[in-house]
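Please read the structure below before turning to the comments.
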Amino acid sequence: MLTLYFSKGSSALAAHILLHEVGASFESCEVPIASGAQKAPEYIAINPKGRLPALRTGAGIITENPAILEFIAAQHPKAGLLPETTFQQAQARSLCAYLCSTVHVAFAHGKRAARWADDPAAQKAMQARVRPNLLDCAEMLEQNLMQGEWALGDHYSYCDPYLFLVGRWMAAHDLSLDPFPALETHAQAMLRRPATQIALEAHGLS
Ligand SMILES: N[C@@H](CCC(=O)N[C@@H](CS)C(=O)NCC(=O)O)C(=O)O
């Protein structure tokens, strides 16, 4: 049995969607960021980084979205959401690394600027970069990284729920996907999937 530690509206939404897509047997445990529960000793004992999501597995805890998503896909091979060839697997990791280390971090400079600078003026300057940086990321995804209807081409993969977060991160900064037709079409296709709807509901977002 897997346990997904999540906060509503957080990036844990991607793992939540994927768990439903693969038909995993799992339970979820809410760790609300709004109340600071991610810093409580009980959760630090689970994830010393104090971040969500985390996934408890039979072998131990996994943190970091790309690792969690790939693990879920690999554990449920019948769902066919892990690319087949070594090259395609590397491409999936490359996309997830970009989403994790560049797009999510660009978004985090909004609420979490204090993580990178103490000076209020520097924080403000970083916050002012969030929208242009997210637009640059969306352009990169749209023009170069998306390989087709789905993130990796013709087939839905474990990358798609993660890619779905981009539109949400942008919307949080009043940015629309309208100038990015491939991302917009992808977001609409994601919303039509029952697994997405169930996960959105679990996050209070339906
Ligand atoms: N690189 C991590 C980022 C995790 C992360 O920062 N999650 C946010 C929620 S989306 C969080 O836990 N924020 C709470 C905090 O920064 O205290 C991953 O991909 O899992």
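Just so it is clear, none of the values below were taken in a lab; they were calculated from the coordinates. Keep in mind the model is a prediction, meaning the values are calculated, not measured. Methodologically, a virtual Cβ is constructed for each residue, glycine included, from the backbone with ideal geometry; neighbour enumeration extends over all protein chains shown.
Write out the trypsin sites (Lys or Arg not before Pro) in region 129-206 meeting two conditions: DSSP loop, and at most 15 other Cβ atoms within 10 Å of their Cβ.
Details: sites: Arg129, Arg168, Arg192; in loops: Arg129, Arg192.
For trypsin sites (Lys or Arg not before Pro) across region 129-206 that sit outside H, G, I, E and B with at most 15 neighbouring Cβ atoms in 10 Å, the list reads Arg129, Arg192.
Using DSSP, restrict attention to beta bridges with both residues in the chain and report what percent are antiparallel, rounded to the nearest 5. Could you put the intermediate results ahead of the total?
On the way: 8 of 13 bridges.
Antiparallel bridges make up about 60 percent of those DSSP assigns within the chain.
For Ala54, the residues whose modelled amide H falls within less than 5 Å of its own, excluding neighbours fewer than 5 places apart on the same chain, are Tyr5.
Across all directions, the average projected area of the convex hull around the alpha carbons of the chain is 11.6 nm². 3J(HN,Hα) couplings calculated from phi for region 117-125 with the Karplus curve 6.51 cos²θ - 1.76 cosθ + 1.60 (θ = phi - 60°) are, in sequence order, 7, 7, 5, x, 5, 5, 4, 4, 5 Hz; Gly and Pro show x.
Scalar couplings 3J(HN,Hα) for region 55-62, obtained by applying the Karplus form with A = 6.51, B = -1.76, C = 1.60 to θ = phi - 60°, are 10, 8, 10, x, 9, x, 8, 10 Hz; x denotes Gly and Pro.
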